[in-house]
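Let me begin by presenting the structure, written as structure tokens, before commenting on it.
The values are calculated or read from the model by the stated rules, or taken from the named source; none is laboratory data. Values in this document were obtained by computation on a predicted structure and should not be read as measured data. Cβ sites come from the backbone with ideal geometry, for glycine too, and all protein chains shown count toward neighbours. Side chains included, ligands, DNA and RNA excluded: accessible areas come from the protein's heavy atoms. Shrake-Rupley method; radii C 1.70, N 1.55, O 1.52, S 1.80 Å.
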Amino acid sequence: MFLSPTDLKDYRAFYGLSQRALAQFLGVSKTYVAMFESGERSIPDYIVDRLEVTTEQMQNIRMVKAERLALYPQYHNKKD
């Protein structure tokens with residue numbers, strides 16, 4: 001499965017994880033996670049595999065994000 005930088009941010013936000021917590025889980029530095037999320041570095045397959053996220057789960061995460069943005073339009077102007 002492919003994860004975009006936005007997907008990774010959405011995954012992290014959905015589960016209420018900080019960059020530090022996600023980095024610790026993945027066994028990488030917080031800086032490395034920030035680089036993935038900014039698009040500065042591509043997300044390697046081993047990171048995607050470690051997350052064990054399916055296409056269906058990502059679709060659900062995106063749907064929840066869209067519903068939240070519909071309910072709280074003030075967040076449309078915030079960065080992902």
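Mind jotting down a quarter of the surface of the convex hull over the alpha carbons of the chain, in square nanometres, one decimal? The partial results should precede the final answer.
Numbers: hull surface 20.3 nm².
So the mean shadow area of the Cα hull is 5.1 nm².
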Taking a probe of 1.4 Å and leaving out DNA, RNA and ligands, the chain shows per residue an accessible area in Å² of 69
Projected label distance in nm at GLU67 and THR6, using a 7 Å step from Cα toward the beta-carbon
2.0
Quick one: accessible surface of THR31, probe radius 1.4 Å, all protein chains present, in square angstrom to the nearest 10.
90
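Hey, got the dipole for the chain? About the Cα centre, +1 on K and R Cβ, -1 on D and E Cβ, debye to the nearest 20?
Roughly 380 debye for the chain.
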Of the heavy-atom accessible surface of the range 14-61 (probe 1.4 angstrom), what whole percent is carbon and sulfur?
46
State the extension gain, in nm to one decimal, for the chain segment bounded by VAL48 and GLN74, taking 0.36 nm per residue of separation less the distance between their alpha-carbons.
6.3 nm
Separation in nanometres of the label points that stand 7 Å from Cα toward Cβ, at ASN60 and SER38:
3.3
³J(HN,Hα) computed for each position of the range 58-69 - Karplus, 6.51 cos²θ - 1.76 cosθ + 1.60, integer Hz, glycine/proline x
5, 4, 5, 4, 5, 5, 4, 4, 4, 5, 5, 5
